[in-house]
Amino acid sequence: MSAFTTTAWLGLDDDSLTACVACGLCLSHCPTFRLTGDERMSPRGRIALMRAVQTGGVACDDEWYNSMETCIQCRGCEAACPAGVPFGELISGTRAAISEARPLPLHLRLGLWGLTRPRLLLLGSRFLAMLQRIRVLPRVPFLPRQLPLSGSRLPRRSEGDVVLFTGCVMDVWQPEVHDACETVIAATGSTVVRSGPGTGCCGALHEHAGLHDSAREMAEHVIASLPGEQEILVDSAGCGAALKAYGHLLGTAEAVAFSDRVLDIHEWLAEHDDSLPQVPVADRPGVIVQDPCHLRHVQGAHGAVRQVLGHCSEVVELNDDGLCCGAGGSYSLLQPEMAGAARDRKVALIREVSALSGANIVVSANPGCSMHLATAGVEVRHPVQVVAEMLTSADGVNGGATDGR
Amino acid sequence: MVHEMPAGTDDLVADLVAALGIDRVVAGGGARHLYGRDGSIIEGGHSGPICFPDSTDQVADCVRVAVDHGRAFVPRGAGTGLSGGAVPCNDPVVIATTRMNQIHEVDTERRIAWVGPGVVNLDLTRHLAGTGLHFAPDPSSQQACTIGGNTANNSGGPHCLAYGVTSAHVAAIEVVLSDASIVVLGEEVGDAVGYDLRGAFVGGEGTLGIATRIAVRLTPDPPVVKTLLLDFQSIVDAAETVTGIIAAGIVPAALEIMDQKAIHAVEKFVNAGYPLDAAAVLIVELDGLPGGVAREVEIVEQVGADNRVGTVRVAADDAERELIWKGRKNAFGAIAHIKPGYYLHDTVVPRTRLAEVVAKVNAAVERHDLIVINVFHAGDGNLHPLLVFDPREPGTLERVHAAGEEIVRISIEAGGVLSGEHGIGLEKRGYMPLLFSPDDLAAQRALRDAFDPHGIANPLKVLPTSASCGDVMGLPEVPEGVWV
């Protein structure tokens, strides 16, 4: 049936596998099941297939691999599961176990390696940006239309009240989001220091791809580069979820203590929202919120996003329980067809909701989601960018937002 | 693990692919493994090829090819059923309706919507947001289950006490019969002229054909909703309060009881604010016009006081209402943290005998050394004893089935019936003679034969038979001729 018929013992936790009672409540929360209606593309089906290999002695074939490799790892099923099955752990364990039998394509391995070299990434991106300017670079779907020529500002060496985690790709391609966060944090009266290229990449994409050893090394590096007690604020949902999981990934007291310091930027702002811009209801723009999976299903921070946006905009919901847009880190490169179909479904919903509500600003707090949706022509901003803009315009209206109102 | 398919399967698959296209037929071992079971605890079904039609004509093609090859067919929606109704026996063609998930037409004036059978229950209500209408049947699996599955099982839910089960909300159905012909049963408007074949079809569990388009009735959202939480020091007092409320002439939108074990399990994970020292809580939901609801709240408080209620908490706002319901709706999940397996049972007893039957059920289950938790639709006497166990412990499943059989016997001896809303499927077909005489069963068999003379539509479900279903194990079989 297939070139790969080696029986793999997946090394998954038996209790976690058994915890699934096959009730099927996860099905409608799974983007790949929604698109195909096929149980092999569902959490319940994937767990049953993992079980068949781990305890039933069934050999892995192409059908089996395809089921595991099409999972976006959005973890929407985990939030919906009444039995609390840790699906994220099961699928990431499975990916790690099969990573040798099913190596990633070379270009992706190169890309993931590149993320571990932030300064190289910055140089490479600037080179591409120059090629773009002189129009010799063909259009690459996932690259921003106009790559920035300069990266985010270098970290100030002075101490700040909080640290802004700047990551890898985002620091290079979306430095304006970091700038907006800095502006809004400053408006609350706090000082902020950026983690910068010395800290580098969080390793989330490596973990998703089953490259556990790389992910652990990167986690250790990030922890070592950010000593101290300050809270660490993250404006990328995928990175935030990864940093919060370091305690689990490394299993050391130091890593647990580090993860305890990590907050999504919105969680922190929701606690410091007295000084955020208060815009009169009539002047609030409609903002459609697309929740990144790792913000909503993993961190549960989607409430904070709404609280922060609620002061200056009218939040418009997509009402799809945060169904994944198909980005999934490197998923859109590995499974372009499924990723494209999930994106098209999301884009159709965004357009429908936009037409009904009149809202035409779309926000999402994850670079992967915004870049993925941009490939379908939807301009997506970060929620904090909207707040920063309202802050600037509110300055003129209410005489400054930092006056403690 | 995956069994070999019988001879001729390759030709069957080739013909299905020729009729439907390569993208709509799967026959791999992994897929057949997954489609061998549904949401029930019944394992060991044997699936043949699985088809994913996206139109009525394609469903008819599936049935035609199955007939040509002498194979049976089994319809399947989301596979969340709890009685094994979608578990395939002896390698049938499985017809999954998940891609027939279009909402074809919504007529808010006439309050009718035509939907595909694969539309998820909650998706329809979400789609109706802003129209002031909703689809009333709300089984606990409504976030995942399909309207086709609701139709096949005549599904209920907490709010069916006042609004009625699925049959009351299905006006007409387009059906593919077992000879691949396409018919429409029922009328969009008014009652059926002549025999109500729509009524016969709803609850047919796929043994009478496959629904391919369903005209559902839409229910206006109530102007006012009040949710109350009453706690009691005994489950008898809670049950007496239920009887008292109905006797006072009120039909609440929902009346739900949870026992002490359920309260403790839920509070640990949901923090819904249920009192931990109570032996039972009763959730009462009242809806209607503001004046009427206010008066009903007073009556419920009075009936509660007459039955030694501890406190009566009236939810102040939607957030508190949702919290009270969150506890109820997550009860099964919270319970799954106690042990990894559960068997959710479903019988109905006369409302006046609820407390007595619950006590007997608890004693019987505990005799089998299992944990039992009660969460039930008290208003219509629909018991849901939940048996919690670890399937990895040897001999457990046998004890679970033995306890399940006792629950059925206790319920029927109290004047009850086999199932409130989960259906008969494979789970309870062996118990049918407990409730029906041979003549009753023969009449039901005649109805089924009229729809499906060759017995190829979801065979071996609902009616008792001596034929076996694949490797399905441990299902109770009641000796022929036994009638209680």
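The values are calculated or read from the model by the stated rules, or taken from the named source; none is laboratory data. All of these numbers come straight from a predicted model, not from anything done at the bench. A quick note on method: Cβ atoms are made from the backbone with ideal geometry, for glycine too, and the neighbour counts reach across all protein chains shown.
Can you find a residue that is farther than 19 Å from B:Gly39 by Cα, among the aromatic types (Phe, Trp, Tyr) and either within 10 Å of chain B (Cβ to nearest Cβ) or within 20 Å of the chain's Cα centre (by Cα) (or both) anywhere in the range A:31-39?
No, there is no match, as no residue in the range A:31-39 is farther than 19 Å from B:Gly39 by Cα, among the aromatic types (Phe, Trp, Tyr) and either within 10 Å of chain B (Cβ to nearest Cβ) or within 20 Å of the chain's Cα centre (by Cα) (or both).
Can you tell me which residue within the range B:385-403, out of those that are away from chain A (no Cβ under 14 Å) and surrounded by 23 or more Cβ atoms within 10 Å (Cβ to Cβ), is farthest from the chain's Cα centre (by Cα)?
B:Ala403
Select from the range B:107-116 the residues that are away from chain A (no Cβ under 12 Å), on the phi < 0 side of the Ramachandran plot and touching a strand residue (DSSP E or B) at 6+ places or on another chain (Cβ under 8 Å) and list them in ascending order.
Selection gives B:Asp107, B:Thr108, B:Ile112, B:Ala113, B:Trp114, B:Val115.
Can you spot a residue in the range B:344-357 that is under 29 Å from B:Ser411 (Cα atoms), in contact (Cβ under 8 Å) with a residue 60 or more places away in the chain, more than 14 Å from chain A (Cβ to nearest Cβ) and assigned to a strand (DSSP E or B)?
Scanning the range B:344-357 turns up at least one residue that is under 29 Å from B:Ser411 (Cα atoms), in contact (Cβ under 8 Å) with a residue 60 or more places away in the chain, more than 14 Å from chain A (Cβ to nearest Cβ) and assigned to a strand (DSSP E or B).
Taking the options A:Ser42, A:Ser92, name whichever one is buried (at least 21 other Cβ atoms within 10 Å of the Cβ), more than 10 Å from chain B (Cβ to nearest Cβ) and polar (S, T, N, Q).
Step by step, each of A:Ser42, A:Ser92 is checked, and only A:Ser92 is buried (at least 21 other Cβ atoms within 10 Å of the Cβ), more than 10 Å from chain B (Cβ to nearest Cβ) and polar (S, T, N, Q).
Return the only residue of A:Val384, A:Val347 being surrounded by 24 or more Cβ atoms within 10 Å (Cβ to Cβ), at pLDDT 95 or above and closer than 19 Å to A:Val287 by Cβ.
None of the others qualify; the one that does is A:Val384.
Name the single residue that is nearest to the chain's Cα centre (by Cα) among those in the range B:332-343 being more than 7 Å from chain A (Cβ to nearest Cβ) and outside any helix (DSSP H, G or I).
Ranking the qualifying residues of the range B:332-343, first place goes to B:Tyr343.
Being under 27 Å from B:Thr243 (Cα atoms), under 18 Å from the mean Cα position of the chain (by Cα) and within 14 Å of chain A (Cβ to nearest Cβ): is that true of B:His422 here?
Here the answer is yes, as B:His422 does meet what is asked.
Cβ-Cβ distance below 7 Å, separation of 6 or more or different chains: which pairs start in the range B:117-130 with a residue that is at the interface with another protein chain (Cβ under 8 Å from one of its Cβ atoms) and end on one that is in a helix (DSSP H, G or I) and surrounded by 24 or more Cβ atoms within 10 Å (Cβ to Cβ)?
Every condition considered, the pairs that remain are B:Gly118/B:Gly148; B:Val120/A:Ser28.
Determine if the range B:8-28 includes at least one residue that is out of contact with any His (no Cβ under 9 Å at 6 or more places or on another chain) and facing chain A (nearest Cβ under 9 Å).
Looking for residues that are out of contact with any His (no Cβ under 9 Å at 6 or more places or on another chain) and facing chain A (nearest Cβ under 9 Å), one finds at least one in the range B:8-28, hence yes.
Could you say whether any residue in the range A:264-281 is more than 21 Å from A:Thr392 (Cβ to Cβ) and aliphatic (A, V, I, L, M)?
no
Looking at (1) among the aliphatic types (A, V, I, L, M); (2) within 13 Å of chain A (Cβ to nearest Cβ); (3) over 30 Å from B:Pro220 (Cβ atoms), which is the only condition B:Ala78 fails?
Going through (1) among the aliphatic types (A, V, I, L, M); (2) within 13 Å of chain A (Cβ to nearest Cβ); (3) over 30 Å from B:Pro220 (Cβ atoms) one by one, B:Ala78 breaks only (3).
Would you mind finding the one in B:Glu285, B:Glu296, B:Glu301, B:Glu320 that is surrounded by 23 or more Cβ atoms within 10 Å (Cβ to Cβ) and either away from every other protein chain (no Cβ under 14 Å) or within 27 Å of B:Ile407 (Cα to Cα) (or both)?
Residue meeting the stated conditions: B:Glu285.
Would you confirm, using the coordinates I've provided, whether B:His127 is surrounded by fewer than 24 Cβ atoms within 10 Å (Cβ to Cβ), modelled with pLDDT under 95 and within 18 Å of the chain's Cα centre (by Cα)?
no
Against the condition farther than 16 Å from A:Met390 by Cα and either in the same structural domain as A:Ala224 (by TED's automatic domain parsing) or in contact with a Ser or Thr (Cβ under 8 Å, 6 or more places away or on another chain) (or both), how does A:Ala245 come out, does it pass?
It is true that A:Ala245 is farther than 16 Å from A:Met390 by Cα and either in the same structural domain as A:Ala224 (by TED's automatic domain parsing) or in contact with a Ser or Thr (Cβ under 8 Å, 6 or more places away or on another chain) (or both).
Any idea which of B:Leu185, B:Leu161 is touching a Pro at 6+ places or on another chain (Cβ under 7 Å) and more than 14 Å from chain A (Cβ to nearest Cβ)?
B:Leu161
Inside the range A:75-84, can you point out the residues that are out of contact with any Phe, Trp or Tyr (no Cβ under 9 Å at 6 or more places or on another chain), more than 9 Å from every other protein chain (Cβ to nearest Cβ) and either buried (at least 19 other Cβ atoms within 10 Å of the Cβ) or modelled with pLDDT of 95 or more (or both)?
Selection gives A:Gly76 alone.
Quick one: is A:Ala242 crowded, with 20+ Cβ neighbours inside 10 Å and assigned to a helix (DSSP H, G or I)?
Yes; evaluated as a whole, the condition is true for this residue.
Are any residues in the range B:253-271 surrounded by fewer than 23 Cβ atoms within 10 Å (Cβ to Cβ) and within 23 Å of B:Ala162 (Cβ to Cβ), and if so, which ones?
B:Ala253 - this is the single residue of the range B:253-271 that is surrounded by fewer than 23 Cβ atoms within 10 Å (Cβ to Cβ) and within 23 Å of B:Ala162 (Cβ to Cβ).
Of the residues that sit in the range B:43-55 and are within 13 Å of chain A (Cβ to nearest Cβ) and surrounded by fewer than 23 Cβ atoms within 10 Å (Cβ to Cβ), which one is nearest to A:Pro43 (Cα to Cα)?
Across the range B:43-55, the extreme among qualifying residues is B:Glu43.
Give the residues of the range A:19-62 that are among the acidic types (Asp, Glu) and either at pLDDT 95 or above or in contact with a His (Cβ under 6 Å, 6 or more places away or on another chain) (or both), sorted by residue number.
A:Asp38, A:Glu39
What number of residues in the range A:174-192 are surrounded by fewer than 21 Cβ atoms within 10 Å (Cβ to Cβ) and farther than 18 Å from A:Gly160 by Cβ?
Of the residues in the range A:174-192, 1 are surrounded by fewer than 21 Cβ atoms within 10 Å (Cβ to Cβ) and farther than 18 Å from A:Gly160 by Cβ.
Do any helices (runs of 4 or more DSSP H) lying entirely in the range A:1-89 carry at least 3 residues that are more than 20 Å from A:His248 (Cβ to Cβ), and which ones are they?
Of the helices (runs of 4 or more DSSP H) lying wholly inside the range A:1-89, those with at least 3 residues that are more than 20 Å from A:His248 (Cβ to Cβ) span A:31-36, A:43-54, A:62-69.
So which residues in the range B:82-99 are at pLDDT 95 or above and facing chain A (nearest Cβ under 9 Å), if there are any at all?
Passing the criteria: B:Ala96, B:Thr97, B:Thr98, B:Arg99.
Within the set of pairs 6 or more residues apart or between chains, which connect a residue that is within 17 Å of A:Gly56 (Cβ to Cβ) and more than 7 Å from chain B (Cβ to nearest Cβ) inside the range A:12-23 to a residue that is among the hydrophobic types (A, V, I, L, M, F, W, C) and assigned to a loop (DSSP other than H, G, I, E, B) with Cβ atoms less than 7 Å apart?
From the range A:12-23, the pairs are A:Ser16/A:Val85; A:Cys20/A:Ala83; A:Cys20/A:Val85.
Please return the ranges of helices (runs of 4 or more DSSP H) entirely within the range B:138-211 where 1 or more residues are in contact with a His (Cβ under 9 Å, 6 or more places away or on another chain), under 30 Å from A:Phe33 (Cα atoms) and not assigned by TED's automatic domain parsing to the domain that holds B:Lys428.
The helices (runs of 4 or more DSSP H) meeting that bar are B:147-153, B:160-163.
Can you give me the number of residues within the range B:358-394 that are in a loop (DSSP other than H, G, I, E, B) and among the basic types (Lys, Arg)?
Count: 1.
Taking the range A:245-273, which residues are under 21 Å from A:Asp171 (Cα atoms), assigned to a helix (DSSP H, G or I) and of a type in the set (Val, Ile, Thr)?
A:Ile265
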